[in-house]
Structures are given as structure tokens and as C-alpha cells.
Amino acid sequence: MEKLKFLLILFLAIAFLIFPAGAENLYSAEEKQMLDLINEERAEQGVSPLQFNSLLNEVSSEHSRDMIENNYFAHDSYDGTSYWQRLQDFNYQSSTTAENIAMNVPFDLQKAHANLMASPGHRTNILNPDYNEIGIGIWVGDYTCNGVTYSNAAMFTQDFGWNTSADEKDLLSIESYSPQDNFSSDPESTQEFAVTTNRPCNIRWLMDGGEVREINNEMTSSYTTSKPSTGTYEVKVIVDDGVSTDIREWSWTVVEDDIDSSYHAYDFNQNCLMDTSEVSKAIDDYYAGKLDVAEISQIIDYWYLGSDGYC
């Protein structure tokens, strides 16, 4: 039995040496979400999306973990190593690089992204077309500053680079779509939106920021809807294959049918008569500053005509 215990302890010791506790990426889903936010920003500026690079992911994750565990916030590591040297230590071969770091308490990914976009230097890195790949590292834990310990503190590291072997033709893209541009329609009219991509992917449709449809592992997708109320609606489709992202957006304006210009604008019944309710509405608009004296006087004159009408 003692020999068995010794062998078990020896096995566990070797396992911890080979697979250190910090090796597992606990925040890969959140890092992918941040990449999606970055690529949405780049798509809006007409810039190609970034792809994850495994080496950059390791470098950025290690730095975020190191900042939490050693209670500091800086580009240089706790031991003084610069971000450039960290990349070299991980054998990342590129001279075109940059780094963003962010921190917040409590952990809030959306807020961290918004703060980075609000900072001119960080925003420049995020939208820079000279980078085509990225590593994102997120680490959450207790953080002590000036004697005060904050729980659920989050560190974010973004390491940008350029891979000369990356072929943008292999990136996921929307190859065709309809409608071709922003458009207008009447209320209740049915509208179909459709896209085709260059390879199978996940396709998400959003209306005014809210998700309305999602399909997985497809190359084509459509979304059909109608809107009963006038207004402007924003339609977006996001395609994603886990490596790259592409986006298409439309602005859809719903307007009423044109009113016959032979009728007065306040003749809502379009019967050449100005009734009491229509005059009342005009008077309200006059007091609200929407009509001048001449305009309200003309409407009242039409009302006095009674059944004779004004047409």
C-alpha cells in the first residue's frame, strides 16, 4: 500500500510539472467574443478582420495572468521584460507588432472594449490595417493596489502582429448579398435579406442590435420580415467560422405611401372638407409652433366653408 501511495504521489508530481495549473485557457470564449467586437469595428471601417495566432494568444494570456498574480498593470512584465522581448521569447517572428492592455473591476468585457476604443492610441492599434492577426489574453482574480484587494478584477492583453504567410483569400467572406444597398419601403411590405459565404460558417441575423435568427455550418442564409410602423431599422448579418468574421449591414427606412397632393395636409380624411377634429389638431400644432398665423388662418377658412368644401 505504501508503495502504491508513493507511485501515485510521483505520478501527480510529474503531471503538475508537465501540465502546470495555469496552462488551461479559462477565458477562451470571452477572448473570442472580444475578437468579434474588434472585427466588427474593423469591418465598419472597411479593414480586413484579424485572426487568432496561437503564439500571440499564449503571450497575451501569460501577461494578463502575470499582472493579476503580481499585482501590477504595465506593458513590461513584473521582471522587467518588455512586450517585444516576450514575443521574441515565444519565437514570434514579426517586426510589425503592438500591444494594448486594459483593466477593470469587476470583470466587464464590453466596458473594456469600449474604453480601448475611446483611447486614441489603443483604437489605432485595433483598426490598423497593418496587422492581420492577434492574441487576446484575459485573466480574472484578486488584485491588490495600495493595500486594497479587489476581487473579480480583470486584466486584458491584446498583442497585434502581421503574418506574411496569411492569405486573405482564405479568410471567410460574404461573397454575395441582397439587397445591394440601403432602401425604403411601405409599411407591412415584406422584405427578404440574403447572404452567401465562401465556406460553411455560423450566420447570425440582428435587427436593431437584437438577434433574430442564427444557423450553423451553412453557406447561405436569408431572413424575411415586415415592419408595420414607419421608422428606420438597422439590419446586420455576422458570419463567423471561429477564425475570421465578416459583416454586412443595411439601413431600412419604412415610410407611408405618398398622400395625394390635391388634398390639404390636415385633411386626413381626404374628402375636401376640414372637420372639427382636423381643425383642432391644426390649432394644437399652431400653439406648438408647428404652424404660423397664415397657415392656421387658411385651415379655419376651409372649416368655415363647411359642406361646400375647399377642393
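The values are calculated or read from the model by the stated rules, or taken from the named source; none is laboratory data. Quick caveat: nothing in here was measured; it's all calculated off a predicted structure. Cβ sites come from the backbone with ideal geometry, for glycine too, and all protein chains shown count toward neighbours. Please note that ligands, DNA and RNA were not included when accessible areas were found on the heavy atoms of the full protein model with its side chains. Shrake-Rupley method; radii C 1.70, N 1.55, O 1.52, S 1.80 Å.
A few remarks follow.
- All of (1) within 25 Å of Ile238 (Cβ to Cβ); (2) assigned to a helix (DSSP H, G or I); (3) touching a residue at least 40 places away in the same chain (Cβ under 8 Å) hold for Ile136 with one exception: (2).
- Whether a residue is in contact (Cβ under 8 Å) with a residue 60 or more places away in the chain and closer than 30 Å to Gln93 by Cα was assessed, and Asp186 does not pass this test.
- Search result, residues across the range 72-108 that are open to solvent by less than 50 Å² (accessible area, probe 1.4 Å) and closer than 18 Å to Ala118 by Cα: Ala98, Glu99, Asn100, Ile101, Ala102, Asn104
- Residue list for the range 141-178, filter: open to solvent by less than 30 Å² (accessible area, probe 1.4 Å), over 21 Å from the mean Cα position of the chain (by Cα) and more than 27 Å from Gln93 (Cβ to Cβ): Gly141, Tyr143, Ala153
- The lone exception for Gly289 - which of (1) of a type in the set (Gly, Ala, Ser); (2) open to solvent by 50 Å² or more (accessible area, probe 1.4 Å); (3) not in a loop (DSSP other than H, G, I, E, B) it fails: (3)
- Lone unmet requirement of (1) assigned by the TED database to the domain that holds Glu62; (2) open to solvent by 50 Å² or more (accessible area, probe 1.4 Å); (3) of a type in the set (A, V, I, L, M, F, W, C) for Val243: (1)
- Among residues of the range 75-99, those that are over 15 Å from Ile136 (Cβ atoms) and under 27 Å from the mean Cα position of the chain (by Cα), counted: 2
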